[in-house]
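The values are calculated or read from the model by the stated rules, or taken from the named source; none is laboratory data. Note that this is a predicted model, so its numbers are computed, not measured. Cβ: placed from backbone, ideal geometry, glycine included. Neighbour counts: every protein chain shown.
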Amino acid sequence: MSELVDVKDLGKKKPSWLKVKLPTGQEYKKVRNLVSTNQLNTICESGNCPNMGECWGNGTATFMILGNICTRSCGFCNVMTGRPKAENTTEPKKVADSVKLMKLKHVVLTSVDRDDLKDGGVGIWVQTINEIRRLNPETTMETLIPDFKGKLADIQKIIDVAPEVVSHNMETVRRLTKKVRIQAKYDRSLETLKFLSDSGIKTKSGIMLGLGETEAEVIETMHDLLEVGVQIITIGQYLQPTKKHLSVLEYVTLEQFQKYKKIGLSLGFKHVESSPLVRSSYHAEKHIH
């Protein structure tokens with residue numbers, strides 16, 4: 001029987017379902033070595049994702065481009081905030097080479113916010129997508145993008161290179177957005193998703209629970225996402241990464257997560273991933289169909 005460890009969280013006592021298997025196995029070690037050797041950043045590590053053992057054990061990872069220092073300081077996120085380093089022009093090739101070495105059929109890309117850059121980093125995004133396609137023509141792709149400050153010309157550049165899925169996370173309900181995502185705006189995120197959906201791209205978004213939202217607010221957010229054309233939603237439990245981050249106000253029950261899944265599917269989402277340990281790239285390979 002696999003040893004279990006508590007997910008890192010400094011809030012109130014956690015229920016039994018918030019336990020994950022310790023990362024083990026040859027595939028996990030192979031992915032870790034590739035990430036380390038190529039000096040790649042993954043949101044798996046930077047975000048302290050509870051599914052890292054499972055996903056890396058299956059030979060998949062979510063690559064985080066444009067460095068590991070974010071220009072925004074969201075109250076929930078474990079990624080470092082500060083002054084980022086200059087863009088690494090070799091990064092697109094490194095990521096593409098790693099996708100090939102890992103023989104990935106599906107890859108997820110995300111990035112830190114780079115509000116310090118004139119183009120928000122979209123140039124590196126486009127280069128990375130193109131390089132992955134060049135070296136891995138059979139590999140499908142999901143891109144979990146920032147809002148690029150709502151600049152539609154930059155978002156259009158992502159549309160032009162046509163990833164199979166484009167994701168942008170709402171993270172929380174409207175009322176809590178200012179507290180949870182200090183430099184983001186609820187309506188700007190909806191506008192970003194609408195622009196993507198209107199182009200014909202398959203869109204996806206995600207929210208966290210346990211920050212003080214109500215059931216009515218969660219359902220309202222579902223409606224808002226459906227109205228802008230989002231087809232896929234992920235719903236997971238927020239876990240406090242350090243004492244400096246927002247506290248967990250509630251551990252949502254398994255039954256409530258299942259209720260949200262049923263509601264989401266009945267409202268019209270094509271895919272709903274809803275359980276405590278779900279994160280935005282969890283089971284991403286299933287969402288392209």
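State yes or no: is G120 at pLDDT 85 or above, within 29 Å of Y238 (Cα to Cα), surrounded by 17 or more Cβ atoms within 10 Å (Cβ to Cβ) and out of contact with any Ser or Thr (no Cβ under 8 Å at 6 or more places or on another chain)?
Yes; evaluated as a whole, the condition is true for this residue.
So which residues in the stretch 141-156 are surrounded by 18 or more Cβ atoms within 10 Å (Cβ to Cβ) and not aromatic (F, W, Y), if there are any at all? Even if it seems obvious, please write down each step before you answer.
First, the residues of the stretch 141-156 that are surrounded by 18 or more Cβ atoms within 10 Å (Cβ to Cβ): 141-148, 154-155.
Listed by number, the residues that qualify are M141, E142, T143, L144, I145, P146, D147, D154, I155.
Output the residues belonging to the stretch 125-167 that are closer than 24 Å to K185 by Cα, in contact with a helix residue (DSSP H, G or I) (Cβ under 7 Å, 6 or more places away or on another chain) and without any contact (Cβ under 8 Å) to a residue 60 or more places away in the chain. Please lay out each step first, then the result.
Step one: filter the stretch 125-167 for residues closer than 24 Å to K185 by Cα, giving 125, 142-159, 165-167.
Cutting the leftovers down to in contact with a helix residue (DSSP H, G or I) (Cβ under 7 Å, 6 or more places away or on another chain) gives us 125, 142-143, 145, 147-148, 150, 152, 154-155, 157-159, 165-166.
T143, I145, D147, F148, G150, L152, D154, I155, K157, I158, I159, V166, listed by residue number.
Out of contact with any strand residue (DSSP E or B) (no Cβ under 8 Å at 6 or more places or on another chain) and crowded, with 22+ Cβ neighbours inside 10 Å: which single residue out of L239, L267, L249 fits that description?
L239
Within the group K286, K262, which residue is farther than 17 Å from E171 by Cα and within 19 Å of the chain's Cα centre (by Cα)?
After ruling out the rest, the residue left standing is K286.
Return the pair list, or none, for Cβ contacts closer than 9 Å from residues in the stretch 209-234 that are farther than 15 Å from P276 by Cα to residues that are of a type in the set (F, W, Y) and outside any helix (DSSP H, G or I), at least 6 apart or on different chains.
M222/F269; L225/F269; L226/F269; V230/F269; Q231/F269; I232/F269
Return the residues of the stretch 139-190 that are among the small types (G, A, S) and either in contact with a His (Cβ under 8 Å, 6 or more places away or on another chain) or at negative phi (or both); say none if nothing qualifies.
A153, S167, A184, S189
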